[in-house]
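The structure under discussion appears below in the form of structure tokens.
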Amino acid sequence: MTVTALPAPAAVRVTPQAPSRKWLGLFAILSADLLNLLDSTVGNVASPAIRADLGGSMATMQWIVAGYTLAMAVGLLTGGRLGDMFGRKRMMMVGVVGFLVASLACGLAYSPESLIAARVLQGGFGALMVPQTFGLIRDLFGDSTGKAFAALGPVIGLATILGPIVAALLVEADLFGTGWRAIFLINLPLGAFALAVGWKVLPAKPPAARGTRLDGAGAMLAAVGMTMLVVPLVQGHELGWPTWTLVMLAASVPVLAVFVLHQLRRSRTGRTPLVELSVFAKRSYASGVAFVVAFFGAITGFSLVVALFLQIGLKYSPLEAGLAMIGWAVGAFAGSAIGGTLMNRLGRHLLHIGLAMMTAGLVTLYGVFDTVGAALDGWDLTPALVVYGMGMGMIFVPLFDIVVGGLRDHEVGSASGMLAAFEQLGASLGVAALGTLFFSVAGSQGFLDACMRVTLVAIALTAVTFGLGFLLPKRARQARH
């Protein structure tokens with residue numbers, strides 16, 4: 001009996017655990033992603049409480065949010081390449097450790113300046129951590145990445161919408177007297193899980209670009225160009241677009257053009273560039289970048305305007321505004337589940353179904369604004385936001401699988417960093433454009449009319465994104481090595 005009994009446990013230990021280790025590794029990756037997604041949205045909600053505790057001007061408070069966004073945008077291109085050079089798992093782990101240290105520094109901040117410095121550090125390590133996500137998922141799942149992206153989509157959707165709600169709850173709960181500091185300290189257990197589990201189960205594949213040297217000049221040009229581009233987009237609408245923001249925005253174009261020429265020159269001479277510009281020759285990636293910029297610009301800018309309308313126009317508290325938008329989160333979760341089920345069957349068609357639902361939600365929302373007017377209640381928004389969120393969630397699931405599915409292994413790190421950078425750029429463009437429109441119309445016609453105008457622009461942006469969707473491949477291509 002003992003002889004026949006021994007092989008069975010061995011089989012149980014080896015064969016069935018491979019899939020479980022994959023999903024455990026995915027949970028570690030998702031936890032790391034959550035660190036970034038939550039901390040990119042919590043600053044706006046907690047700013048009043050932070051200012052009441054630490055002092056500082058409104059401009060200082062803006063930089064608590066902008067410092068993170070800027071450091072993230074500037075560092076993403078370099079972070080992606082470092083994963084190719086030194087290994088995605090290693091760079092993910094370094095990024096998580098640094099992010100946790102920076103989160104602790106945020107929670108212990110004693111002045112606005114110390115908090116801003118810690119937020120910049122957070123963004124920098126986040127830029128090292130985030131670009132490794134797609135490559136590690138491919139390393140874990142191989143040709144079955146669609147299943148993993150089906151889990152990634154709901155996390156992105158829910159974190160984007162629920163981040164401000166969670167932040168408001170933590171601030172009002174005042175756990176152990178921590179107040180606003182809890183929104184940063186909550187990162188510690190989440191990051192500890194990502195670090196412990198990730199170190200044990202994530203695959204440590206050899207670096208795709210081992211032995212290459214980092215393009216220092218390219219990294220510097222990218223940092224300067226992205227700074228000149230992102231700073232005006234983040235701060236311009238808050239400051240009323242002073243001349244220096246417009247000059248900096250215009251000057252970013254030639255700097256980034258020089259960066260592109262530098263990358264092309266390095267590629268022609270056989271040296272490794274900071275970014276693999278060859279990925280733009282692939283229709284799936286080039287059209288995917290345009291789709292990502294338009295999509296994230298629309299949803300980020302519109303979500304900001306709705307939150308501003310509820311808080312400034314209708315005098316909701318941050319928590320009340322977050323709860324009024326809960327239908328968005330519910331819809332996003334449901335849409336992600338539907339998308340995960342249908343993505344292999346419908347492919348690109350799922351994007352268009354989702355965009356059609358987003359348009360229907362926006363049109364319904366416009367009708368609510370027009371008919372209910374100043375008597376608007378948060379529950380009046382719920383049906384339209386559920387439909388809008390459901391469409392958005394359906395897009396999150398197949399989008400990244402379609403965009404990065406056809407990339408070669410040595411292109412993944414660089415391409416992931418660029419894709420995340422374009423996502424940040426799209427979000428910044430959406431906030432700048434729709435935020436500026438909202439305040440300019442509100443000053444002369446009132447907050448309700450301003451929100452209605454922005455809703456019309458969001459409908460137009462969604463229509464543009466619908467057209468861009470036809471440029472994407474019908475289905476995700478098999479990953480290549």
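The values are calculated or read from the model by the stated rules, or taken from the named source; none is laboratory data. Given the structure is predicted, the values throughout are model-derived calculations rather than measurements. Neighbour counts are summed over all protein chains in view; Cβ atoms, including those assigned to glycine, are modelled from backbone coordinates with ideal geometry.
Being among the charged types (D, E, K, R) and either surrounded by fewer than 21 Cβ atoms within 10 Å (Cβ to Cβ) or in contact with a Leu (Cβ under 8 Å, 6 or more places away or on another chain) (or both) is the filter here; which residues of region 37-73 pass it?
Step one: of region 37-73, the residues among the charged types (D, E, K, R) are 39, 51, 53.
Arg51, Asp53, listed by residue number.
I'd like to verify a number: residues in region 429-445 that are more than 23 Å from Gly354 (Cβ to Cβ) and either under 24 Å from the mean Cα position of the chain (by Cα) or free of Cβ contacts under 8 Å to residues at least 24 places away in the same chain (or both), how many?
First, pick out the residues of region 429-445 that are more than 23 Å from Gly354 (Cβ to Cβ): 432, 435-445.
Applying the additional criterion that residues be either under 24 Å from the mean Cα position of the chain (by Cα) or free of Cβ contacts under 8 Å to residues at least 24 places away in the same chain (or both) yields 432, 435-438, 440-441, 443-445.
Total meeting the criteria: 10.
Starting from residues that are at pLDDT below 85 and within 17 Å of Gly67 (Cβ to Cβ), keep the ones in region 238-260 and report whichever is surrounded by the most Cβ atoms within 10 Å (Cβ to Cβ).
Ranking the qualifying residues of region 238-260, first place goes to Glu238.
Out of Leu304, Leu342, Leu350, which single residue is in the same structural domain as Asp449 (by TED's automatic domain parsing) and within 28 Å of Gly373 (Cα to Cα)? Spell out how you get there, then give the answer.
Numbers: Leu342 fails: within 28 Å of Gly373 (Cα to Cα); Leu350 fails: within 28 Å of Gly373 (Cα to Cα).
Checking each option against the conditions leaves just Leu304.
I'd like to verify a number: residues in region 314-332 that are in a helix (DSSP H, G or I) and surrounded by fewer than 20 Cβ atoms within 10 Å (Cβ to Cβ), how many? Give the steps one after another, and end with the answer.
In the first step, residues of region 314-332 are kept if they are in a helix (DSSP H, G or I); the result is 318-324, 326-332.
Pick out the ones that are also surrounded by fewer than 20 Cβ atoms within 10 Å (Cβ to Cβ) and you get 319-320, 323, 326, 330.
Looking only at that region, the number is 5.
Would you mind finding the one in Val197, Val171, Val166 that is in a helix (DSSP H, G or I), β-branched (Val, Ile, Thr) and modelled with pLDDT of 85 or more? Walk me through how you get there before you give the answer.
Working: Val171 fails: modelled with pLDDT of 85 or more; Val166 fails: modelled with pLDDT of 85 or more.
From the options Val197, Val171, Val166, the qualifying one is Val197.
If Phe302 satisfies all but one of (1) crowded, with 22+ Cβ neighbours inside 10 Å; (2) among the aromatic types (Phe, Trp, Tyr); (3) not in a helix (DSSP H, G or I), what's the number of the condition it fails?
Single failed check for Phe302: (3).
For residues in region 261-291 being among the β-branched types (Val, Ile, Thr) and touching a helix residue (DSSP H, G or I) at 6+ places or on another chain (Cβ under 6 Å), which is surrounded by the fewest Cβ atoms within 10 Å (Cβ to Cβ)? Before you say what the answer is, go through the steps one by one.
Step one: filter region 261-291 for residues among the β-branched types (Val, Ile, Thr), giving 269, 272, 275, 279, 289.
Still in the list and also touching a helix residue (DSSP H, G or I) at 6+ places or on another chain (Cβ under 6 Å): 275, 279, 289.
Values: Val275: 26, Val279: 24, Val289: 22.
That would be Val289.
How many residues are surrounded by 24 or more Cβ atoms within 10 Å (Cβ to Cβ) and among the small types (Gly, Ala, Ser) when one looks only at region 103-123? Steps first, please.
Taking region 103-123 first, the residues surrounded by 24 or more Cβ atoms within 10 Å (Cβ to Cβ) are 103, 106, 115, 119, 122-123.
Now restrict to residues that are among the small types (Gly, Ala, Ser): 103, 123.
Residues flagged as surrounded by 24 or more Cβ atoms within 10 Å (Cβ to Cβ) and among the small types (Gly, Ala, Ser) within region 103-123 amount to 2.
Report whether or not Ser414 is small (Gly, Ala, Ser), in a helix (DSSP H, G or I) and at pLDDT 80 or above. Spell out how you get there, then give the answer.
Numbers: small (Gly, Ala, Ser): yes; in a helix (DSSP H, G or I): yes; at pLDDT 80 or above: no.
No, not satisfied.
Quick check, is Ala150 assigned to a helix (DSSP H, G or I), among the small types (Gly, Ala, Ser) and modelled with pLDDT under 80? Write out each step before concluding.
Details: assigned to a helix (DSSP H, G or I): yes; among the small types (Gly, Ala, Ser): yes; modelled with pLDDT under 80: yes.
Yes.
State all residues of region 105-136 that are charged (D, E, K, R) and within 30 Å of Asp84 (Cβ to Cβ); if no residue qualifies, say none.
From region 105-136, those charged (D, E, K, R) are 113, 119; that's our starting set.
Arg119 - this is the single residue of region 105-136 that is charged (D, E, K, R) and within 30 Å of Asp84 (Cβ to Cβ).
Step by step: first the residues of region 40-55, then only those that are under 25 Å from the mean Cα position of the chain (by Cα) and of a type in the set (A, V, I, L, M), then the one that is modelled with the lowest pLDDT. Which residue is that?
Here is the first cut: in region 40-55, the ones under 25 Å from the mean Cα position of the chain (by Cα) are 40-50.
From the residues that got through so far, the ones that are of a type in the set (A, V, I, L, M) too are 42, 45-46, 49-50.
Numbers: Val42: 74, Val45: 71, Ala46: 78, Ala49: 82, Ile50: 86.
This residue is Val45.
Considering Ala298, Ala281, which residue is closer than 19 Å to Leu471 by Cα, free of Cβ contacts under 8 Å to residues at least 12 places away in the same chain and of a type outside the set (Phe, Trp, Tyr)? Working first, answer last.
On the way: Ala298 fails: free of Cβ contacts under 8 Å to residues at least 12 places away in the same chain.
Within the list Ala298, Ala281, the selection yields Ala281.
Kindly indicate whether any position in region 309-324 is closer than 30 Å to Ser440 by Cβ, within 24 Å of the chain's Cα centre (by Cα) and polar (S, T, N, Q).
Yes: region 309-324 contains one or more residues that are closer than 30 Å to Ser440 by Cβ, within 24 Å of the chain's Cα centre (by Cα) and polar (S, T, N, Q).
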